[in-house]
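One structure is given below, encoded as C-alpha cells.
The values are calculated or read from the model by the stated rules, or taken from the named source; none is laboratory data. Here the structure is a predicted model, which means the values were calculated and not measured. Here the Cβ positions follow ideal geometry from the backbone for every residue, glycine too, while neighbour counts run over all protein chains shown.
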Amino acid sequence: MKNIIAKYRFLIIVVTIILAMISAVQIPKLSINPSFDDYIPNSVSNRAFIQKLDTIFGGSEKIMLILTDSSSIINPSSYSRLEQLTEELQNIEGVEHCLSLRDVIDIKLEDGITTMNPIIAEIPNTKAELERLKQSIIKNNMGSRFVSSDFTSTAIILTKADTIKDSEIIPAIEKVIENNPGREKIYIGGLAYIRQSIKSYIKKDLVTLLPLALVLMVLMLYFSFKEWKGVVLPFIVVILSLLFSFGFMALMDWEISLVTILLPIMLIAIANDYGIHLINLYQEKFVSGKQKSIKKVAISIYEELKKPILITALTTIGGMLGLLSHKLPPAAELGVLASVGIGLALLMSLFLIPVLLSFYGAPEYKKNNNRKLLAINRVMEKFAGWVSRYPKRVIGAFVIVAAFSVVGLFFLKIDTNVEAYFLGKSDLKKGIELVNEKFGGSQYVSVLFNGDVLSPEMLTQIEKYTAEIEALPKVGNVISPTMFLKELSKGVYMPNEPGYNTLPKTKAETVQYLEIFAMSGYEEQISQFIDYNYENTRILVSLKDGSNETGKAVLEALHKITDDDEHLVCIAGPGLSKIQIADMVIQGQITSLILAFIIIFVLLTMVFKSVVAGFLGSIPLLLSILLLFGLMGFGRISLDIVNTLLSSIMIGVGVDYTIHFLWRYKLEYAKSGNPAKAISKTLSTTGRGIIFNAFSIIVGFSALIFSGFAPLRFFGVLVVISIFACLISALLLIPAIITITKPKFLEPQ
C-alpha cells in the first residue's frame, strides 16, 4: 500500500478514468422493456397457449378507448366523433380489429327479408325516440358491451396484432385522438397502453430519482462527517460504480425494466458504505490527536479495515447473487449488475479513496469536541448499559417482536397486477378504473374449443357455459359465438316465432346464418370467435380487475365449469400471465432467500472459522425478514415483482453491520479481556460507522418514496424498516447474545 500511494497513485487515477470513459460510451445503447410477460419462457403453458390462440384468431390483447360525457354520450356531436375515430383507428398498422357502436347492427326480418342496419342511423331529436334507441342498444346482444349502463361512456375496442410493438401502436392511437378533438374526454385502457405508460414512468423515475438520491446522499455524508472530503471521496466511488454497472448492462445487451430502477438507488445507497467506514476511522484517528501525517493515516485505515470491508462486500455480493436463482431474468440480471457495481465500489474504496485521501492536507480537530460524535456515543453508552445489565430482557424483546411478525405472515398476499402500479388521479389510473367499472375490464381470457363447432350439440354446450360464466361475480363481459348466432336469428324469425333469439337447430342453418353475416360485411366480428375452417371456437371472458385474486378465482371457476369437456383445448389469455409471473415470484423469493442465507452462512463460517459465527450472523437477518414480511401482512402490502427482491438485498446489506461489530469486538476483547468493556468500546467506535452506514442506506432508498410506481414507493418504505431492524439487531441483539453465550470464536487466539 505504501508503494501504491508513493508510486502508483497517479496510475490508479488514470486507469479509473479510462474505465469510466469506456463504460460511459456503452450507456447510450441501453433500451427499456416495460413488460414482464416477455420474460415468461415460451414453454410455460399460458404463453404457449396464447401463441396458439394468436395463430387461430389473431391478436389476443385488447386496447380500449373510453369516450365520456357527463350528460350523455348518445348525442350527434359525440357520435360523429366516434365514427371518425373508429374509421381512422382501424387503419392503423397493427390494429387487427376496431369495433365500436358504429359496428353494432340491428338485425330484423321485414317482409320476409333479413335486414341488417347500423343500430344508430342517426341520433333522434326527441327525448322519447332517444330513450327507445338506448333501450335498443341495451337489448342488443352486441351493443351493450360498447356503452356504459348510465350512457355517460362509450368504448372503442381495438385488437392489437401480436407482431406490433407497444411503442408503435400507442403513439399512433394518440395521434388519431389528437387529430379528432372534441368535448368528450378520452381515456385509454389495456395492457399495451399500461406497458407503454410504464416505459415513460421508468424514464421519468430515472431522471428524477437518480439526482434526488445523489443529493440526499451528499447531505447525509456532510451531516455525518462535517467535512467535504468525507462527501467527495464516497461520492466519486458511487458515480464510478454507477457508470461501470450501466456500462456492463449495455455490454451484456440487457434491457432496463421496472426492476432496474432499483439499481442506481441501490448503488447510491450501498456503494458509499465502505468509504463511510474508511472516513469514519480516518476521523477517529485524527480526533484522538495521535496522528499527524495524512499519508500514514491513509495507509493505516486501509490496513485496519481491508479485511472487514472485504468480508462485508463479499457478503453483500453473496446476498445479491441469491437473485440468480430467480426465474424472472430482470431479477437475476439485477443481482449480477448490483454485484458488479458493489465489487467495483469495494476496489475503489480500498485503493482509490486512500490514494485520493493522501493528496489532502492533515485536518485539525479539537479533541473530544465533536458534539455529534458525543451525542452518538451517549446513545451507544445506553445500548451498552442495557446489554450488560439486561441481556435476557433485550433478547426477550426481540423474541416477542419475532412472534408478532410470524402472525402477520398469515395475512401476506401475492399480487403481480400491473394495474396496481399507479397512484393518484392520473388519466392512466382513471382509464383503468373506467374500463374495469363500466366495461368489464380490458384483460381477457379465452376458453378455446376444438371440434364440430357448428353442430347444435356443441353450440348448446357453449351457450350453457356462457350462461354459467356470466354468473361469476368477478367476470365482466362474456362474448361467445352463440351471442352472434342468437342475434342473427332475429333476421330469420319474427319475434312471435319459436326460433327468434335462439340458436340454430341444425348445422346447415348455422352455416346459413354465418353466410348472411359475411355477405352483409360483418364477417370480421364473427371471425374472432369461429375460425374459417369451422374447427375452433372460443368464449372471451373479461376480468373485472387485474388482481391475481380475480385471475385465480376466474381460472379456477372456468376449469370447474368446463371440467371433462373433451372439446376443451385450453384456457389462456394475457389476463392470466400475471398468475404465472406470481408463481415465478414465489419460487424466486424462496430459492433466492435460501441461496442468500447459505452464501452468508458459509462466508461467515469461513471468515471466523466457526459454525457458531454463521448462525450468530444469520439471527439478525432472520428476525429482520420475519419483521418485514409480518408488517407487509398486517399492512396489506402485497408481495409483488419488486419487493420480492427486498429480502436478498436486505440480507446482503444487513449482515454488514453484524460483521463490523464482531470484527471490532474481537479486537477490543483481545486488548481488554473484558466483554463488557469490549462491547462498550465497539459500540462507541465502530458503532458510529455502522449507524452512518445504515442511515446511508435508508437515505438512499428513501428517494423511492417519490417514485411514480406504487411498488417502488412501498419498497422504499420497506427498506427503511428492514435496514433499521438489521441495525438495531446488530447494536443490541448481537451484543446481548455475546454477553450470555460468550462464543469461543471471539475469544483471543
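Just give me the residues in segment 112-133 being in a strand (DSSP E or B) and surrounded by 15 or more Cβ atoms within 10 Å (Cβ to Cβ), in sequence order. Please lay out each step first, then the result.
Within segment 112-133, the subset in a strand (DSSP E or B) is 113-118.
Of everything in segment 112-133, those that are in a strand (DSSP E or B) and surrounded by 15 or more Cβ atoms within 10 Å (Cβ to Cβ) turn out to be THR114, MET116.
Return the residue satisfying two criteria in turn: it lies in segment 134-153 and is crowded, with 19+ Cβ neighbours inside 10 Å and among the aliphatic types (A, V, I, L, M), and of such residues it is modelled with the highest pLDDT.
Across segment 134-153, the extreme among qualifying residues is VAL147.
I want to confirm something. Restricting to segment 169-185 and keeping residues that are among the β-branched types (Val, Ile, Thr) and in contact with a Lys or Arg (Cβ under 9 Å, 6 or more places away or on another chain), which single residue is surrounded by the fewest Cβ atoms within 10 Å (Cβ to Cβ)? Let's see the steps before the verdict.
Keep residues of segment 169-185 that are among the β-branched types (Val, Ile, Thr), which gives 169-170, 173, 176-177.
Now narrow it down to the ones that are in contact with a Lys or Arg (Cβ under 9 Å, 6 or more places away or on another chain): 169-170.
Details: ILE169: 22, ILE170: 24.
Per the criteria, the residue is ILE169.
Report every pair of residues separated by at least 6 positions or lying on different chains whose Cβ atoms are under 9 Å apart, first residue within segment 730-749 and hydroxyl-bearing (Ser, Thr, Tyr), second buried (at least 18 other Cβ atoms within 10 Å of the Cβ).
THR739/VAL387; THR739/PRO391; THR739/VAL394; THR739/PRO675; THR739/ILE679; THR741/LEU616
Restricting to segment 479-515, give me the number of residues that are modelled with pLDDT of 85 or more, basic (Lys, Arg) and crowded, with 17+ Cβ neighbours inside 10 Å.
Total meeting the criteria: 2.
Out of all the residues in segment 139-181, which are in a loop (DSSP other than H, G, I, E, B), β-branched (Val, Ile, Thr) and more than 26 Å from the chain's Cα centre (by Cα)? Can you show your working first?
Here is the first cut: in segment 139-181, the ones in a loop (DSSP other than H, G, I, E, B) are 140-142, 148-152, 161-165, 180-181.
So of that shortlist, the ones also β-branched (Val, Ile, Thr) come out as 152, 163-164.
Answer for segment 139-181, where residues must be in a loop (DSSP other than H, G, I, E, B), β-branched (Val, Ile, Thr) and more than 26 Å from the chain's Cα centre (by Cα): just THR152.
PRO118 passes all but one of (1) in contact with an Asp or Glu (Cβ under 8 Å, 6 or more places away or on another chain); (2) modelled with pLDDT of 85 or more; (3) more than 17 Å from LYS438 (Cα to Cα); which number fails?
The single condition PRO118 does not satisfy is (2).
Give me the helices (runs of 4 or more DSSP H) completely within segment 662-749, filtered to those with at least 3 residues that are within 33 Å of the chain's Cα centre (by Cα), ordered by residue number.
Working: elements: 675-684, 686-702, 710-728, 734-741.
So the answer is 686-702, 710-728.
Please specify each residue of segment 57-67 satisfying the condition of being surrounded by 18 or more Cβ atoms within 10 Å (Cβ to Cβ) and not acidic (Asp, Glu).
To start, the set of residues in segment 57-67 that are surrounded by 18 or more Cβ atoms within 10 Å (Cβ to Cβ) comprises 57, 59-67.
Answer for segment 57-67, where residues must be surrounded by 18 or more Cβ atoms within 10 Å (Cβ to Cβ) and not acidic (Asp, Glu): PHE57, GLY59, SER60, LYS62, ILE63, MET64, LEU65, ILE66, LEU67.
Return the pairs, sorted by first residue and then second, in which the second residue is in a helix (DSSP H, G or I) and of a type in the set (Phe, Trp, Tyr), the first residue lies in segment 628-639 and is under 10 Å from VAL406 (Cα atoms), the beta carbons are less than 8 Å apart, and the residues are 6+ apart or on different chains.
These pairs meet every condition: GLY630/PHE404.
Filter segment 557-612 for residues that are small (Gly, Ala, Ser) and under 16 Å from ILE625 (Cα atoms) and give the result. Break it down stepwise before answering.
Pass one, segment 557-612, residues small (Gly, Ala, Ser): 557, 572-573, 575, 577, 582, 588, 592, 596, 610.
If the condition is that a residue be small (Gly, Ala, Ser) and under 16 Å from ILE625 (Cα atoms), then GLY588, SER592, ALA596 are the ones that fit.
Please determine whether any residue of segment 361-372 is under 41 Å from the mean Cα position of the chain (by Cα) and modelled with pLDDT under 90. Full working, then the answer.
As a first pass, look at segment 361-372 and keep what is under 41 Å from the mean Cα position of the chain (by Cα): 372.
Subset that is modelled with pLDDT under 90: 372.
Yes, segment 361-372 contains at least one residue that is under 41 Å from the mean Cα position of the chain (by Cα) and modelled with pLDDT under 90.
All but one of (1) surrounded by fewer than 23 Cβ atoms within 10 Å (Cβ to Cβ); (2) of a type in the set (Ser, Thr, Tyr); (3) touching a Gly at 6+ places or on another chain (Cβ under 8 Å) hold for THR208, so report the exception by its number.
Tallying (1) surrounded by fewer than 23 Cβ atoms within 10 Å (Cβ to Cβ); (2) of a type in the set (Ser, Thr, Tyr); (3) touching a Gly at 6+ places or on another chain (Cβ under 8 Å), THR208 fails exactly one: (3).
Identify, from the list VAL569, VAL554, VAL585, the residue that is closer than 30 Å to SER618 by Cβ, touching a strand residue (DSSP E or B) at 6+ places or on another chain (Cβ under 7 Å) and outside any loop (DSSP other than H, G, I, E, B).
Numbers: VAL569 fails: closer than 30 Å to SER618 by Cβ; VAL554 fails: closer than 30 Å to SER618 by Cβ.
Going through VAL569, VAL554, VAL585 in turn, just one is closer than 30 Å to SER618 by Cβ, touching a strand residue (DSSP E or B) at 6+ places or on another chain (Cβ under 7 Å) and outside any loop (DSSP other than H, G, I, E, B): VAL585.
Is it fair to say GLN580 is in contact with a Ser or Thr (Cβ under 6 Å, 6 or more places away or on another chain) and over 23 Å from ILE734 (Cβ atoms)?
On the way: in contact with a Ser or Thr (Cβ under 6 Å, 6 or more places away or on another chain): no; over 23 Å from ILE734 (Cβ atoms): yes.
No, not satisfied.
Restricting attention to helices (runs of 4 or more DSSP H) lying wholly within segment 391-478, give those where 1 or more residues are modelled with pLDDT of 90 or more and either surrounded by 19 or more Cβ atoms within 10 Å (Cβ to Cβ) or out of contact with any Leu (no Cβ under 6 Å at 6 or more places or on another chain) (or both).
Values: elements: 391-409, 427-438, 456-470.
Qualifying helices (runs of 4 or more DSSP H): 391-409, 456-470.
So for segment 632-644 (the condition being part of a helix (DSSP H, G or I) and either on the phi > 0 side of the Ramachandran plot or in contact with a Pro (Cβ under 8 Å, 6 or more places away or on another chain) (or both)), does at least one residue qualify? Step through it out loud before you land on a result.
Step one: filter segment 632-644 for residues part of a helix (DSSP H, G or I), giving 632-634, 643-644.
Next, from what is left, pick out any that are either on the phi > 0 side of the Ramachandran plot or in contact with a Pro (Cβ under 8 Å, 6 or more places away or on another chain) (or both): 643.
Yes, that holds for at least one residue.
Could you identify the single residue in GLU468, GLU497, GLU487 that is in contact with a helix residue (DSSP H, G or I) (Cβ under 6 Å, 6 or more places away or on another chain) and at negative phi? Working first, answer last.
Numbers: GLU497 fails: in contact with a helix residue (DSSP H, G or I) (Cβ under 6 Å, 6 or more places away or on another chain); GLU487 fails: in contact with a helix residue (DSSP H, G or I) (Cβ under 6 Å, 6 or more places away or on another chain).
When all the criteria are applied, what remains is GLU468.
Restricting to segment 84-97, what's the tally of residues that are surrounded by 15 or more Cβ atoms within 10 Å (Cβ to Cβ), modelled with pLDDT of 90 or more and not polar (S, T, N, Q)?
Initially, segment 84-97 is screened for residues surrounded by 15 or more Cβ atoms within 10 Å (Cβ to Cβ), giving 84-86, 88-90, 92, 94-97.
If we keep only those that are modelled with pLDDT of 90 or more too, we end up with 84-86, 88-90, 92, 94-95.
From the residues that got through so far, the ones that are not polar (S, T, N, Q) too are 85, 88-89, 92, 94-95.
The qualifying residues number 6.
Which residue pairs have Cβ atoms under 8 Å apart, sit 6 or more places apart or on different chains, and have a first residue in segment 495-520 that is assigned to a loop (DSSP other than H, G, I, E, B) and a second that is surrounded by 14 or more Cβ atoms within 10 Å (Cβ to Cβ) and among the basic types (Lys, Arg)?
TYR500/LYS490; ASN501/LYS486; ASN501/LYS490; THR502/LYS486; LEU503/LYS486
Is it the case that segment 582-589 has a residue that's in contact (Cβ under 8 Å) with a residue 40 or more places away in the chain, polar (S, T, N, Q), more than 22 Å from VAL95 (Cβ to Cβ) and touching an Asp or Glu at 6+ places or on another chain (Cβ under 9 Å)?
Start the filter on segment 582-589 by keeping residues that are in contact (Cβ under 8 Å) with a residue 40 or more places away in the chain, which leaves 582, 584-589.
Cutting the leftovers down to polar (S, T, N, Q) gives us 587, 589.
Restricting the remaining residues to those that are more than 22 Å from VAL95 (Cβ to Cβ) gives 587, 589.
Going one step further and asking which of them are touching an Asp or Glu at 6+ places or on another chain (Cβ under 9 Å), we end up with none.
Within segment 582-589, none of the residues are in contact (Cβ under 8 Å) with a residue 40 or more places away in the chain, polar (S, T, N, Q), more than 22 Å from VAL95 (Cβ to Cβ) and touching an Asp or Glu at 6+ places or on another chain (Cβ under 9 Å).
For residues in segment 251-272 being of a type outside the set (A, V, I, L, M, F, W, C) and under 22 Å from LEU712 (Cα atoms), which is surrounded by the fewest Cβ atoms within 10 Å (Cβ to Cβ)?
The first filter runs over segment 251-272 and keeps only residues of a type outside the set (A, V, I, L, M, F, W, C), leaving 253, 255, 257, 260, 264, 272.
Those left that are additionally under 22 Å from LEU712 (Cα atoms): 255, 257, 260, 264, 272.
Values: GLU255: 18, SER257: 25, THR260: 21, PRO264: 23, ASN272: 29.
Among them, the one singled out is GLU255.
Considering only residues of segment 690-749 that are under 21 Å from LYS392 (Cα atoms) and among the polar types (S, T, N, Q), which is surrounded by the most Cβ atoms within 10 Å (Cβ to Cβ)?
SER729
For segment 581-626, enumerate the residues that are within 21 Å of the chain's Cα centre (by Cα) and closer than 16 Å to ILE721 by Cα.
Start the filter on segment 581-626 by keeping residues that are within 21 Å of the chain's Cα centre (by Cα), which leaves 581-593, 596, 625.
Of everything in segment 581-626, just one residue is within 21 Å of the chain's Cα centre (by Cα) and closer than 16 Å to ILE721 by Cα, namely ILE625.
Could you pull out every one of the helices (runs of 4 or more DSSP H) wholly within segment 246-323 that has 2 or more residues that are acidic (Asp, Glu) and at pLDDT below 85? Let's see the steps before the verdict.
Working: elements: 262-270, 273-287, 294-321.
Answer list for segment 246-323: 273-287, 294-321.
Could you please give the count of residues in segment 568-621 that are in contact with a Cys (Cβ under 7 Å, 6 or more places away or on another chain) and β-branched (Val, Ile, Thr)?
So the count comes out to 0.
What pairs come out if I take residues in segment 6-32 that are of a type in the set (Lys, Arg) and pair them with residues that are modelled with pLDDT of 80 or more whose C-beta lies under 6 Å away, six or more apart or interchain?
These pairs meet every condition: ARG9/VAL355; LYS29/ALA250.
Show the residue pairs meeting these rules: Cβ distance below 7 Å; 6+ apart or different chains; first residue within segment 124-140 and in contact (Cβ under 8 Å) with a residue 12 or more places away in the chain; second residue of a type in the set (Phe, Trp, Tyr) and surrounded by 11 or more Cβ atoms within 10 Å (Cβ to Cβ).
LYS134/PHE151
Would you be able to tell me the number of residues in segment 600-631 that are closer than 18 Å to ILE737 by Cα and in a helix (DSSP H, G or I)?
Kept after step one, since they are closer than 18 Å to ILE737 by Cα, are these residues of segment 600-631: 601, 604-605, 608, 610-624.
Remaining after also requiring in a helix (DSSP H, G or I): 601, 604-605, 608, 611-624.
Qualifying residue count for the region: 18.
For ILE198, are the conditions met, namely being touching a residue at least 60 places away in the same chain (Cβ under 8 Å), farther than 30 Å from THR55 by Cβ and either part of a helix (DSSP H, G or I) or not charged (D, E, K, R) (or both)?
On the way: touching a residue at least 60 places away in the same chain (Cβ under 8 Å): yes; farther than 30 Å from THR55 by Cβ: no; either part of a helix (DSSP H, G or I) or not charged (D, E, K, R) (or both): yes.
The answer is no for ILE198.
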